[in-house]
Amino acid sequence: MRKPIPYKNPEEKKHVNKKRIILFIIFEIIIIILAIVTTAIISLLFGLSPYISAGISAAILIVLTIFISKEILLKSGN
């Protein structure tokens, strides 16, 4: 007869701070608007292809999103 499989102890869920989620969404909207404006400015000022300027603004979008999410959501201070 086999031994019963021991159940894992239920881990406590981390409390989700709604204020941080709303702040994160607001920052994301600002970052997306910044990326769109950057795409337009780079295209118009430097005469680059829209694909190159979209790539540059996508890189800005990714870097800022990672930074903001690390600072706001993964901060374990509170």
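Limited to the range 46-78, what total is found for residues that are part of a helix (DSSP H, G or I), open to solvent by 60 Å² or more (accessible area, probe 1.4 Å) and within 21 Å of LYS18 (Cβ to Cβ)?
Residues of the range 46-78 that are part of a helix (DSSP H, G or I), as a first pass: 46, 50-72.
Still in the running and open to solvent by 60 Å² or more (accessible area, probe 1.4 Å): 46, 50-52, 56, 62-63, 66-67, 70-71.
This time we only want the ones that are within 21 Å of LYS18 (Cβ to Cβ), so: 70-71.
So the count comes out to 2.
Could you grab me the full set of residues in the range 22-45 that are under 13 Å from SER69 (Cα atoms) and either open to solvent by less than 80 Å² (accessible area, probe 1.4 Å) or at pLDDT below 85 (or both)? Within the range 22-45, LEU23, PHE24, PHE27, GLU28, ILE31 qualify.
The values are calculated or read from the model by the stated rules, or taken from the named source; none is laboratory data. Not measured: the values here are computed from a predicted model. Every residue, glycine as well, gets a Cβ built from its backbone with ideal geometry; the counts of neighbours run over all protein chains shown. Accessible surface is based on the protein model in full, side chains and every heavy atom, while ligands, DNA and RNA are left aside. Shrake-Rupley method; radii C 1.70, N 1.55, O 1.52, S 1.80 Å.
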